[in-house]
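Read through the structure below, which is laid out as structure tokens, and then see the notes.
Here, each number is a calculation from the coordinates, and none is a lab measurement. Just so you know, these numbers come straight off a predicted model, no measurement behind them. Cβ atoms come from the backbone with ideal geometry, glycine included; neighbour counts cover every protein chain shown.
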Amino acid sequence: MRRHGMVGSMSRVGDCWDNAVVESFFATVKTELVHGAQWPTRAAARRGLAAYIDGWYNHQRRHAALGYCSPVEYERELARLRIA
């Protein structure tokens, strides 16, 4: 992380708020993809998860916390604003 100029966001051991974002993501994945799904193999499940994240979640799914943009749209807008 240091090599890329990033700082970790974790604070104290046992702080439930540290995992809130990822727990919310996992809940969404379970609700929208996993519950009721049946994959014939572990590889098929991995492909399904990758397709969900790369094809739907990041590119098409609108997020209230991002002003109802997809994560990709939000990042593009941030980059555009940095350049302008």
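Counting only complete DSSP H runs, which helices of the chain cover 15 Å or more along their long axis at the Cα atoms and score a mean Kyte-Doolittle of -1.0 or above?
Helices meeting the criterion: 71-83.
FRET efficiency for Ala50 and Arg3, Cβ-Cβ distance as r, R0 = 22 Å, nearest 0.05?
E(calc), rounded to 0.05, equals 0.25.
Say each of Arg80 and Val22 gets a label point 7 Å from the Cα, pointing the same way as Cα to Cβ; how far apart are those two points in nm?
Each label point lies 7 Å from its Cα, and together they span 3.2 nm.
Dipole magnitude of the range 11-83 about its Cα centre, charges +1 at Lys/Arg Cβ and -1 at Asp/Glu Cβ only, in debye to the nearest 20?
In debye, rounded to 20, the range 11-83 gives about 220.
Mind giving me the FRET efficiency for Gln38 and Ala65? R0 is 25 Å, r the Cβ-Cβ distance, nearest 0.05 is fine.
So, using R0 = 25 Å, E works out to roughly 0.20.
Run the helix sum for the chain: -39,500 (n - 2.57) per DSSP H stretch of 4+ residues, divided by residue count, reported at 222 nm to the nearest 500 deg cm²/dmol.
-12000 deg cm²/dmol
Would you please name the trypsin sites (Lys or Arg not before Pro) within the range 38-75 that are DSSP coil residues with at most 12 other C-beta atoms within 10 Å of their C-beta?
For trypsin sites (Lys or Arg not before Pro) across the range 38-75 that sit outside H, G, I, E and B with at most 12 neighbouring Cβ atoms in 10 Å, the list reads Arg62.
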